[in-house]
Amino acid sequence: MVGLIDLVQKTLTTPHPLDRYLELVRPTMTLSAMRGEITHVRRSAVGSVTLTLRPNRQWAGHLAGQYVQVGVVINGVRHNRCYSPVNAQNRRDRHIELTIKAHPEGLVSNYLHENAIPGMVVDLAPATGVFHLPEVRPERVILLSGGSGITPVLSMLRTLANEGYPGEVLFLHYNRSPEWVPHRAELEALAMQHGNFRVELLYPELQQDPNFSYDELERLAPWFATAQTFLCGPGGLMKAVRTVYEAEQLTDRLHMEEFTLTAAPVDPADVTGEVSFSTSGVSAANTGVSLLEQAESAGLTPEYGCRMGICFSCTAVKRTGCTRNMRTGELDADPDQDIQLCISAPVGDVDIAI
Ligand SMILES: Cc1cc2nc3c(=O)[nH]c(=O)nc-3n(C[C@H](O)[C@H](O)[C@H](O)COP(=O)(O)OP(=O)(O)OC[C@H]3O[C@@H](n4cnc5c(N)ncnc54)[C@H](O)[C@@H]3O)c2cc1C
Ligand code: FES
């Protein structure tokens, strides 16, 4: 069958691939491109929108906690962003549910928040990511989140609920106030239906980091040392939880996902030299931040997706100079190397081919 399709593509549909003709009939009717059609749009929580998508047959599902890249065309330009499906991994109808928080000044999240309607079609990539429930379910599970970080752990909770998971579960979520919590009514219903699920929604003072502590964890889940913990949320929460788990020597039981890059601090004395974006003929003094941000500050618009080193949309060739990987601290002084602009910072003079 694949051979026949290849033959048709090569002989009958030149110069365009078959998908170009099929998508004129229906945008999701493609042979290779993965797409999803929005079927429902809900704006039930303040600041976020929940989209239900009907994917085409290329979609192979996700493991609870993984993310998918979504491509959205805005003013003729396609932008990719990562979103973690909130639906259970074993959903029968194969539909994907995404809950997207409108990010202040964010392009794609605000666009979808304001403009998503049933019938809109988006591009999809296969689900990926190592942050997911293990195949052999742990005996006890703690799901910890803050703000938009609720999405991967909600998928885990729904998956465990569907499976009739018998172990103890603590679902602890921090947000501004009840009306900001997506899927709040369902969370409360799940806690009522499953005697082994404890759902705690906490609202620390606006703009303050959640006051997560050992005492709080001990109060809510005295069995926490025997659980596997899955954590996703803003930097302050991640740090507070990590500190408690480090002190208890439980980091091997803590699994984390961040939606934004937490870069190690840089010594201002190391911020020297000039950055050249030689293809565009633009250069500027090195400011020490990522090459993606320095390019944007110089008026360029390189492609990006995750802004944290996982999607590779921002890959460009470094012609000369030394860069530091902002996640690992590793230096790379070799010429003509592919680098990810979003997690690379210049160390002295650098020339990038964009
Ligand atoms: C694995 C993963 C899973 C995710 N899952 C979800 C999810 O389920 N739900 C969810 O809501 N979000 C999720 N996110 C976050 C999501 O991918 C997007 O980052 C988020 O929606 C913001 O995208 P945006 O286009 O609205 O914002 P962008 O326009 O990309 O802007 C985001 C931020 O980037 C910076 N920025 C953008 N442009 C510039 C510029 N020109 N100069 C300097 N800085 C700039 C700013 O700090 C800005 O506030 C996930 C992220 C990852 C990595
Ligand atoms: S934007 Fe995703 S790797 Fe750089």
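The values are calculated or read from the model by the stated rules, or taken from the named source; none is laboratory data. A quick note: this is a predicted structure, and the numbers were derived from the prediction, not measured. FYI the Cβ positions are ideal-geometry reconstructions off the backbone, even for glycines, and counts take in every protein chain you see.
Just checking: which of the strands (runs of 3 or more DSSP E) contained wholly in the range 264-354 hold 3 or more residues that are within 26 Å of Gln66 (Cα to Cα), touching a Cys at 6+ places or on another chain (Cβ under 8 Å) and outside the structural domain of Val68 (by TED's automatic domain parsing)?
On the way: elements: 274-277, 282-285, 315-325, 337-340, 344-352.
Of the strands (runs of 3 or more DSSP E) lying wholly inside the range 264-354, none has at least 3 residues that are within 26 Å of Gln66 (Cα to Cα), touching a Cys at 6+ places or on another chain (Cβ under 8 Å) and outside the structural domain of Val68 (by TED's automatic domain parsing).
Within the range 91-122, if we keep just the residues that are on the phi > 0 side of the Ramachandran plot and touching a residue at least 12 places away in the same chain (Cβ under 8 Å), the residue that is surrounded by the fewest Cβ atoms within 10 Å (Cβ to Cβ) turns out to be Gly119.
In the range 101-117, what count of residues is obtained for those that are in a loop (DSSP other than H, G, I, E, B) and near ligand 1 (Cβ under 8 Å from one of its atoms)? It would help to see each step written out before you state the result.
Keep residues of the range 101-117 that are in a loop (DSSP other than H, G, I, E, B), which gives 102-106, 116-117.
Next, from what is left, pick out any that are near ligand 1 (Cβ under 8 Å from one of its atoms): 102-106.
Result for the range 101-117: 5.
Once the range 256-300 is narrowed to residues that are exposed (fewer than 13 other Cβ atoms within 10 Å of the Cβ) and at pLDDT 95 or above, the residue that is farthest from Cys342 (Cα to Cα) is Gly281. Restricting the first member to the range 123-139 and to residues that are touching a residue at least 12 places away in the same chain (Cβ under 8 Å) and not assigned by TED's automatic domain parsing to the domain that holds Ala60, and the second to residues that are of a type in the set (Ser, Thr, Tyr) and within 16 Å of ligand 2 (Cβ to nearest atom), the beta-carbon pairs closer than 6 Å and six or more apart or on different chains are Gly129/Tyr67. Among the residues making up the range 101-117, a single one is within 16 Å of ligand 2 (Cβ to nearest atom) and over 19 Å from Val77 (Cα atoms): His103.
Mind counting the residues in the range 283-324 that are within 20 Å of the chain's Cα centre (by Cα), more than 13 Å from ligand 1 (Cβ to nearest atom) and farther than 13 Å from Ala353 by Cα? Full working, then the answer.
To start, the set of residues in the range 283-324 that are within 20 Å of the chain's Cα centre (by Cα) comprises 290, 292-293, 302-315.
Restricting the remaining residues to those that are more than 13 Å from ligand 1 (Cβ to nearest atom) gives 315.
Okay, now just the ones that are also farther than 13 Å from Ala353 by Cα, so none.
Result for the range 283-324: 0.
Is there a residue being in a loop (DSSP other than H, G, I, E, B), closer than 30 Å to Ile352 by Cα and of a type in the set (A, V, I, L, M, F, W, C) anywhere in the range 249-261? Working first, answer last.
Filtering the range 249-261 for residues in a loop (DSSP other than H, G, I, E, B) gives 249-250, 258-261.
Now restrict to residues that are closer than 30 Å to Ile352 by Cα: 258-261.
From what's left, of a type in the set (A, V, I, L, M, F, W, C): 259, 261.
Scanning the range 249-261, I find at least one residue that is in a loop (DSSP other than H, G, I, E, B), closer than 30 Å to Ile352 by Cα and of a type in the set (A, V, I, L, M, F, W, C), so the answer is yes.
What is the residue count in the range 77-100 for residues that are away from ligand 2 (no atom under 16 Å from the Cβ), assigned to a loop (DSSP other than H, G, I, E, B) and at pLDDT 95 or above?
Narrowing the range 77-100 to residues away from ligand 2 (no atom under 16 Å from the Cβ): 85-100.
Imposing the further condition that a residue be assigned to a loop (DSSP other than H, G, I, E, B) reduces the set to 85-95.
The next check asks that each one be at pLDDT 95 or above; those that pass are 85-89, 95.
Here the count works out to 6.
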